Each structure stands twice: as structure tokens, then as C-alpha cells.
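S.K.: Can you read through this structure? Questions will come right after.
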Amino acid sequence: MGVMMFDIGVNLTSSQFARDRDEVVARARTAGVHGMLLTGTNLHESEEAQRLAERFECCWSTAGVHPHDASSWSAEVAEAIYTLVNKPEVVAVGECGLDFNRNFSTPAEQEVAFTAQLAMAAELGMPVFLHCRDAHDRFLTLLEPWLDHLPGAVLHCFTGTRHEAQACLDRGLSIGITGWVCDERRGLELRELLPMIPADRLLLETDAPYLLPRDMMPKPASRRNEPAYVTHILERVANWRGEEAQWLEAVTDNNARRLFNIHF
């Protein structure tokens, strides 16, 4: 199999895709995106993501509970997630982590759910798909004891500082970069730190339907982001890193396959 674009963050379960999910996947294929990781953010979404991954070729999924949904964590939810992550389409535990920006679930609830999912991933020898917002120090404190027991970890949708990026890289994490980097208002700091990420730790993602790249020309008629647009993110990121887009495509594709242990 040759080079292909891999989008490691697609919220294909989103109601924004309810009317034209098949067309969205077909458009991604046409654009050269032949690998997609569908994000699970709570038990229901994780079950949906797994079903969609089963249905669409070259799609995989994550299963976990996002910090926003951490108040839903229970023994029953843990058992159901455990069942899901043993299915062949599910290649990572998550999206899990901490989000002290909005505290939809209390910090205490978030910490319980995060640690439980790290323990599950370690037990199963699975990588983790991580979320961190306004919680950097606590996030690393909880994550660190598990890192030696995990085959890999990616901090998805990274929007932190240079110092935070370095701290994550020093601990062996991979970094997921979205179209946030294309935002001339909010993405400049992120753009400047792109060259510090080693190529073999860089992963690309749309986080569709969110975070439509603001510099797309012509602008898509809908404000909705799609996995097809990961090719735009690749081109911009390669440009800002001073690399050849085709080379970076091959490297990031390989990173995704290796991290999520995908063979096809």
C-alpha cells in the first residue's frame, strides 16, 4: 500500500454529519485520505464510532470518556468501554484527559475517569488518545506513572505553549496538529512551534466537523470541517516546517500506523 493521508481525529458520529455521512467519507477518499480514526468521547459515541469504523473501510475508532463527560464514569461504563476496546476496529483508549477550561465535569471526576482509562490502556497494551486543556501540570502528573506501561500516546488537538509542547515531547508523547494552526488570530504561537516537533512524533487531524481551517480558499460554503480538508492542513504544516508535503505525508501516515498498530 502506498502513501495515504491519515486523519487521526474525525468526529464522524457528530449530528452535523447525520445527513451526508457516506458522502463525507467518499469526499475524503477522493481527496486521498484513506485512513480515519473516529473519535469516541463517551460510551454512546464510542459505540457509534466503532459501528461506523466497522461499516466504512479504512476507518478505525477510539473508545473512551472525554473529560467533559467524566461525571458519567461508572463501573458499568468502564466495563462497556473495556468490551469495546477489545473489538478489532478500536485501536486506542480515549478520548481521555483533563479539561479545566470549562469543567463540565468536576476536576475530581475528571481525574478518576482519566486514571481509570490509563490503567485500562496499560492493562490491554493499547495507546491512548489524549485531551488536555488548561490542565497541563496536573495532566502530566497523572499521566507520567503510566507512560512506561503504554505502547504510545498522542496529545490530540494540541493548542498549548512551546513549554508545554516540549514537556510532552520530553515524555515521549506524539502531538496531533489540527487546522487551529491555520488561524491567523489564534494559531500563530502554534505555527511557530511546529518545527520543534520531531517528524516521527507528528500526527495530523481535522477534528471535523470542528476547527475548519480559516485560510482555505475558496472558503467552503458550510462552516463545517471535513476529513477531506486534512490535505490542506498537511500542505500548510509542511510549508511552515520547511518540508516537502509528500515527504511529510509519508512520515505522518507511517506515524499513525505505528502508533495505532494498524496493518493493511
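The values are calculated or read from the model by the stated rules, or taken from the named source; none is laboratory data. Quick caveat, the model's predicted, so the values are computed rather than measured. Counting neighbours? That spans all protein chains shown, and the Cβs are built from the backbone with ideal geometry, glycine included. For the accessible areas, the whole protein counts, side chains as well, though only heavy atoms, and no ligand, DNA or RNA atoms are used. Shrake-Rupley method; radii C 1.70, N 1.55, O 1.52, S 1.80 Å.
S.K.: Which parts of region 247-264 would a label at Glu235 reach, counting a residue when its backbone N lies under 17 Å from a point 7 Å out along Cα-to-Cβ?
M.R.: Within reach of a label on Glu235, which here means backbone N under 17 Å from a point 7 Å along Cα→Cβ, region 247-264 contributes 247-250.
S.K.: A further question follows. Modelling each spin label as a point 7 Å along the Cα-to-Cβ direction, I'd like the Asp215/Arg257 distance in nm, to one decimal.
M.R.: Placing both labels 7 Å beyond Cα along the Cβ direction yields 3.0 nm.
S.K.: Next question. Which residues does the label zone of Leu188 cover in region 147-161, counting backbone N under 15 Å from a point 7 Å along Cα→Cβ?
M.R.: Counting only backbone N, you get no residues.
S.K.: Next question, about the same structure. Once neighbouring chains are kept in place and the probe is 1.4 Å, which whole percent of the accessible area of the chain is contributed by carbon and sulfur?
M.R.: 48 percent
S.K.: What ranking do 157-163, 244-250 get when scored by the average of other Cβ atoms within 10 Å per residue, highest first?
M.R.: Put in order of decreasing packing, that is 157-163, 244-250.
S.K.: Also, quick follow-up: Calculate the spin-label point distance for Asp134 paired with Ala26, positioning each point 7 Å from the Cα along the beta-carbon direction, and give it in nanometres.
M.R.: Those two pseudo-labels are separated by 4.2 nm.
S.K.: Compute the accessible area per residue over region 29-85, keeping the other protein chains in place, probe 1.4 Å, unit Å².
M.R.: The answer is 39 Å² per residue.
S.K.: Right, another one. Counting only heavy atoms of the protein chains, get the accessible area per residue of region 116-165 (1.4 Å probe) and round it to a whole Å² value.
M.R.: Accessible area per residue, region 116-165: 42 Å².
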